[in-house]
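Quick note: the coordinates plus some simple rules give every number you see, no bench work behind them. Keep in mind that what you see is a predicted model, and the values were worked out from it rather than measured. Note that we place each Cβ from the backbone using ideal geometry, even for glycine, and neighbour counts take in every protein chain shown.
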Amino acid sequence: MSDANRWLGKYGEDRACEYLVGQGYQILERNWRCTEGELDIIGTQASTLVFVEVKTRTSLALGSPLEAVTKHKLAKIRRLAASWCSQRKVPNSQVRFDAIAVLVQRGRVSIEHRTQVI
């Protein structure tokens with residue numbers, strides 16, 4: 001991954017976190033990694049544990065950023081979330097999987113948030 005792509009990804013995740021906090025979410029962790037992969041954002045909204053996948057793009061040439069959140073990617077996120085919960089010894093709780101698209105074009109940032117993508 002290039003430095004520019006890394007910067008863009010971090011920039012998008014920063015904007016997504018700001019958005020979520022503004023919507024009343026509490027951010028528990030960012031960029032949690034294990035051998036299987038990474039979870040972008042883990043937070044809570046009320047009593048719901050929320051795992052958020054963030055996709056950032058600078059154009060729509062390849063389609064909406066949310067189109068990159070495929071069924072295969074969602075299955076991986078579910079496995080990673082189970083690992084996170086197991087590692088943290090999180091008791092059974094209400095869990096939700098969200099996706100956020102961050103589009104950065106001509107100095108403007110737009111955010112699209114889809115709740116319960118699974």
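Working only within the range 89-116, note down all residues that are under 15 Å from D14 (Cα atoms) and among the β-branched types (V, I, T).
First, the residues of the range 89-116 that are under 15 Å from D14 (Cα atoms): 99-104, 108-113.
Correct list: I100, V102, V104, V109, I111.
Taking the range 19-59 as the region of interest, how many residues are charged (D, E, K, R) and out of contact with any strand residue (DSSP E or B) (no Cβ under 9 Å at 6 or more places or on another chain)? Write out each step before concluding.
Applying the first criterion (charged (D, E, K, R)) to the range 19-59 yields 29-30, 33, 36, 38, 40, 53, 55, 57.
Now narrow it down to the ones that are out of contact with any strand residue (DSSP E or B) (no Cβ under 9 Å at 6 or more places or on another chain): 36.
The qualifying residues number 1.
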